1. I'd like the full set of residues that are assigned to a strand (DSSP E or B) and among the small types (G, A, S), limited to the range 155-184.
2. Answer yes or no as to whether R171 is closer than 24 Å to F149 by Cα, surrounded by 15 or more Cβ atoms within 10 Å (Cβ to Cβ), among the basic types (K, R) and in contact (Cβ under 8 Å) with a residue 24 or more places away in the chain.
3. If you take the residues of the range 198-217 that are part of a helix (DSSP H, G or I) and out of contact with any strand residue (DSSP E or B) (no Cβ under 9 Å at 6 or more places or on another chain), which of them is modelled with the lowest pLDDT?
4. Suppose the filter is modelled with pLDDT of 90 or more, of a type in the set (A, V, I, L, M, F, W, C) and either more than 18 Å from the chain's Cα centre (by Cα) or closer than 23 Å to D44 by Cβ (or both); does L176 pass it?
5. May I ask you to say which residue of N150, N122 is surrounded by fewer than 15 Cβ atoms within 10 Å (Cβ to Cβ) and under 30 Å from P19 (Cα atoms)?
6. Out of the range 161-182, which residues are within 16 Å of K133 (Cβ to Cβ) and small (G, A, S)?
7. For the range 137-173, what are the residues that are in contact with a helix residue (DSSP H, G or I) (Cβ under 8 Å, 6 or more places away or on another chain), within 30 Å of L105 (Cα to Cα) and modelled with pLDDT of 90 or more?
8. Tell me which helices (runs of 4 or more DSSP H) are completely within the range 1-113 and hold 2 or more residues being modelled with pLDDT of 80 or more, or say none if there are none.
Amino acid sequence: MLLLSIAACIPNERLIYFPSPEFNTQSPTAIYNDRQTYQLQPRDVLSVRIKTLDEDTEDYFNIQPSNGFVPLDPAGLFINGYSINSKGTITMPEVGEIQVGGHTLEEAETIIRDSISTYITNATILVKLVSFKVTVLGEVNNPGYYYVFNEQANLLEVLGLAGDLTDFGNRENITLIRQTETGNDAILLNLKDPKLLASDFYFLQPNDVLYVQPLQAKQIRGNLNTLTLLGVLFGAISSTVLVLNFINN
């Protein structure tokens, strides 16, 4: 029991993120990260808002009228958005199919503006990705999926949404599963390696999945709890037997 208790203890150094001798209290340490710009993929959902001086024209081209209430919940954003199909296109009134897959949000704005220029002049096009969702599983305090209402989210922000890792979360083995055109890619991330801050995987992408693996100490702690419970149970049984023997004698 004593050996199991010692093995179930988690040293403080195993809970620290990004330990580095270069970090100090005197001056900031520069970390350069060449973040890759996300390219739109099938099943992404876009919010496309067209703004002009003519409200009737706006309402015709916009799924949601300009004077209407737009629900901010994920279901409302999905219903009032444009889903990118398997061909990488969205379908807009009058214009028809517009190829946006494989392009950035900024490029998609330009493409849509050019596509509707035949019907509307001097229009302002606002394009937002409303399906930026990440899933966090494993040894975190609040596992689940989370929508990110921003154009980017880094690893620490997403783990913060999930309530951070538990004490039994293995900070050296976090599996990142990323959707690609041909399937999925998987890689192990190490929160104790400062180089992760400058890697291509520090910034997450839509539909990423994070799985935080448990430490072996969790299994040992579970076994210890089981042994403790059995010890209490056997102790109670032994005490009962002794009391009964005393009464009978």
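1. Once the filter is applied, which keeps residues that are assigned to a strand (DSSP E or B) and among the small types (G, A, S), the range 155-184 yields G169, G183.
2. Against the criterion (closer than 24 Å to F149 by Cα, surrounded by 15 or more Cβ atoms within 10 Å (Cβ to Cβ), among the basic types (K, R) and in contact (Cβ under 8 Å) with a residue 24 or more places away in the chain), R171 does not qualify.
3. Residue satisfying both the conditions and the ranking: A217.
4. Yes, satisfied.
5. Every option except N150 fails the conditions.
6. Within the range 161-182, just A162 meets the criteria.
7. Within the range 137-173, Y146, Y147, V148, L155 qualify.
8. Of the helices (runs of 4 or more DSSP H) lying wholly inside the range 1-113, those with at least 2 residues that are modelled with pLDDT of 80 or more span 74-79.
The values are calculated or read from the model by the stated rules, or taken from the named source; none is laboratory data. As the structure is a prediction and not an experimental result, all values here were calculated from the model. Please note: Cβ atoms are built from the backbone with ideal geometry, for glycine as well, and neighbour counts cover all protein chains shown.
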